[in-house]
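Peer 1: Before anything else, here's the structure in question.
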Amino acid sequence: MQITEKTLRTLEYDKIRAMLAACAPTEGARQLALSLLPDDDKVVVLRRLTRTQDARRLLDDKGMPSFGMIVPVCDALDRAAKGATLTPRELLDVGNVLRTARGLLEYSRTNRHFDTVLDEIFERLLPERKLEDKIYRAIVSEDMIADEASPQLGDIRRKIRIANNRIKETLQHYITTGSYAKHLQENIVTMRNGRYVIPVRVESKNEIKGLIHDTSASGATIFVEPMAVVDANNELRMLEVKEQHEIQRVLAELSAAVGGMVGAINLNAANINELAFIFACGKLAEQMAASNPVITDERRVVLRRARHPLIPRDQVVPINVSLGQEWDTLIITGPNTGGKTVTLKTLGLFSLMAQSGLHVPADEGSSLCLFDRVLVDLGDEQSIEQSLSTFSSHMVHIVSIVESVTPRSLVLFDELGAGTDPVEGAALAVAIISHVRGVGALTVATTHYAELKAFAIDTEGVQNASCEFDVTTLRPTYCLVIGAPGKSNAFAISEKLGLPSSVIHAAKGLISEENRHFERVIEELERARVAAERDKEEAARLRAELAAAKAAAEDEARELRARAEKTLTGAQEKAAALVESARASSEFIFAQLEAVRRERESERLGEHLDKTRRAVRAHLRENESRFNPVEERTNEAYVLPRPLKKGDEVYLVDIDKKGFLLSDPDKSGRVEVQAGIMRTRSRVENLRLVENEPTVGQGKEKTAARDWRVAVSREFRDEIDLRGQTGDEAWFMVDKYFDTALIAGFKTLRLVHGKGTGALKQALWVQLKRDNRVRSFRIGRYGEGDGGVTVVELK
């Protein structure tokens, strides 16, 4: 797509790129955003738009992935490939790229609910966990190498600590021994030139033998390294040199490992930045409440409720624009500051955004075709240096447009033909528009000329449009109305602003009858349009009310039908159950009667009759339970924790009620109970003590507890900030925090205590060692907060 930087600035595309860069989470993505340009290849544009759409879907489903705020590592990788040793900072940056690549791959593969075109980019990531762990295990921060970086380094540092302690113990002897302490200026041990010394009064310099390393500014104190620690200091310096050599060896080893994976790391960095840029496009679309435009092969543009992205959302007035269907040219008229230029910029900017793969702030269903050029003449660009007036400046641009316009161009003219004689300007404007239409380009022009309004009325394929203006308030409504020419409203505005009526009448008298007739026709058209719009809105309102009433009636009818069907089905089932119960009972009774008849002559007839009655009753109860089931409550497994007594609160199992004992149990095990307004007698086996009985409301309590736990989990954060607290205050907060974490189901927590003097961290660690809820804890690694954070694992 051919487009100039001047056109991009005129349409404020550079500001859109700046907004996109502000959404980018990495420096590489920011650079991609600032260098973004539109394309006219349909395959490229559709791929860009699909990526933006899939990024929005992932943002809605999983949120923004972590991009680790990676920084460019190309220079460091080039040096590593050539055998150079990287600094700890550079190695940590490389480790961050590897860690981010691994995290993004996990983001893509975890909880995947749908496939996206971004999966291909995610799968190109090449995590190298071994090298990543090696870097982070060796380097704590850019100025600290871990003891675990190598066994040799750990051994050297252990010897350094021993040497330090030995020197301090020897010097402590000088400080605490009276024969030496009286010669000291202060009872402290300090360092000069990397060696431990003590401050000695200058008059006592011969009393303590040793090497003088420095003197105070006043000359009253000399800093002496006693001979007793010279050898120990020398050994310490040698160990420190060995330490530096070992650190350099570790860094060189890590750099060599990085140098062997330059290609993979560079590929990871490029893919991470590409993903970060795509997610920035999705984030910008969310911020703008934008939609994915339809890219059509037809030569047309349809924007529905389009909102200019640089106007605040609470101030912008949505507009509807259509071009290229019944008309290929739009002539927009209306008063100044009415929104004509904003309409031009919206149309041009949306075309550039869509062809860059960005969603546009318009309603769903908006469509755009692809342009190979967007040619613009906007604004007043007088040039004193080049002796160009307003008209000349416009004409220079127009000449360039006429020379470079193509059938696939979008041409935008602002105040075409202005700045010169109105008659000649209007004639030029008509001729220029006719030429551009002849080439086949889509054109939009703003004007105040009545001749252009008439041209749009008389010419097929050219349509009038206007920006509304409320004469009563002297304010534009910024609404674009297609199909009706607009008025400049110069007389009405002037009269409202206080220009004498006599001047207004005189001005109206100077207008030709033909022009006055034309303006009256426009007024009639506007009144007819407003009335039609009013009728259309009323019809739409009535249609919406009718549709709502119809939908409500249909819903009610469906509900009634469903209820009737449910009732009928239940009645049929109950009837069938009753019939089946009666049939089964009658068959059983007949069988029993037959058995009785056979036993009639028996001596045990009475016994057989009694047995038969019991069997029939049992059978009827069984059938009743089978065909008309009722939940039966039993208390068989419950054992009273103690004998019941008058006044106890109890739970009656069979009727699911609470009550109070009005008497002690009698000899038969029965007791009188007051349950609400009901007084009843019940057996002790049917009662439970309430204090040990969670049955009442148990389900509700469990549900409430579960809902509370879910609420806690949603609001809980795996990090607590303790900076500024004392040790006791911090532990009080942490103790409660651990309880909440266990309820919410969190096991890994971060305690932010800052670096400072380390006193707060030490106080917390003392408490953590004693807490039986803690499985383990450690200092934060690079990227987790370093030494200012303690990471705790709960059991």
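Peer 1: Once the piece of chain linking Ser668 and Val752 is laid out straight, how much longer is it, given 0.36 nm per residue of separation minus the C-alpha distance between them?
Peer 2: Computed gain between Ser668 and Val752 is 23.4 nm.
Peer 1: What full-extension length gain, to one decimal in nm, is calculated for Arg541 and Asp40 as 0.36 nm per residue of separation minus the Cα-Cα distance?
Peer 2: That pair, Arg541 and Asp40, stretches by 176.2 nm at full extension.
Peer 1: Taking θ as phi - 60°, what are the ³J(HN,Hα) couplings along the range 53-63 by the Karplus curve (6.51, -1.76, 1.60), each to the nearest whole Hz, with x for Gly and Pro?
Peer 2: Rounded to whole hertz, the list is 5, 5, 5, 5, 4, 5, 4, 5, 7, 10, x.
Peer 1: Quick check for you: with a 1.4 Å probe and neighbouring chains kept, what is the accessible area per residue of the range 40-91, in Å²?
Peer 2: Accessible area per residue, the range 40-91: 52 Å².
Peer 1: Given a Förster radius of 25 Å and the C-beta distance between Arg563 and Asp656 as r, what FRET efficiency does 1/(1 + (r/R0)^6) yield to the nearest 0.05?
Peer 2: Efficiency at R0 = 25 Å is approximately 0.30.
Peer 1: I've got another one for you. Determine the share of the range 43-199's accessible area contributed by carbon and sulfur atoms, expressed in whole percent, with a 1.4 angstrom probe.
Peer 2: Summing carbon and sulfur atoms, their accessible area is 50 percent of the total for the range 43-199.
Peer 1: Around Gly210, which amide H atoms from residues at least 5 apart in sequence, or from another chain, sit under 5 Å from its own amide H, with H modelled in the peptide plane?
Peer 2: Sorted by chain and number, the residues that satisfy this are Met227.
Peer 1: Also: For Glu106 and Ala18, compute 0.36 nm times the residue count separating them, minus their Cα-Cα distance, and round to one decimal in nm.
Peer 2: Residue separation times 0.36 nm, minus the Cα-Cα distance, leaves 28.6 nm.
Peer 1: Same structure again: By its C-alpha gyration tensor, with a ≥ b ≥ c as the square roots of the eigenvalues, how is the range 216-273 shaped: rounded for a/c under 1.5, else prolate for a/b larger than b/c, else oblate?
Peer 2: Note, shape of the range 216-273 comes out oblate.
Peer 1: Using 7 Å Cα-to-Cβ label points, what is the Ser66/Leu742 separation (nm, one decimal)?
Peer 2: If labels sit at Ser66 and Leu742, their model points lie 2.6 nm apart.
Peer 1: Let me ask something else. Kindly provide log₁₀ I(q)/I(0) values, in the same order as q = 0.19, 0.26 Å⁻¹, from the Debye equation applied to equal alpha-carbon scatterers of the range 316-367.
Peer 2: -0.77, -1.25
Peer 1: Which GluC sites (Glu not before Pro) does the range 402-471 hold that lie in a coil by DSSP with at most 16 other beta carbons within 10 Å?
Peer 2: Glu460
Peer 1: List the trypsin sites (Lys or Arg not before Pro) within the range 27-122 that fall in a DSSP loop (any state other than H, G, I, E or B) and whose Cβ has at most 11 other Cβ atoms within 10 Å.
Peer 2: Lys82
The values are calculated or read from the model by the stated rules, or taken from the named source; none is laboratory data. Only a predicted model underlies this, so the values are computations on that prediction, with no experimental measurement involved. Virtual Cβ from ideal backbone geometry, glycine too; neighbours counted across all protein chains shown. The area values use the complete protein model at the heavy-atom level, side chains included, leaving out ligands, DNA and RNA. Shrake-Rupley method; radii C 1.70, N 1.55, O 1.52, S 1.80 Å.
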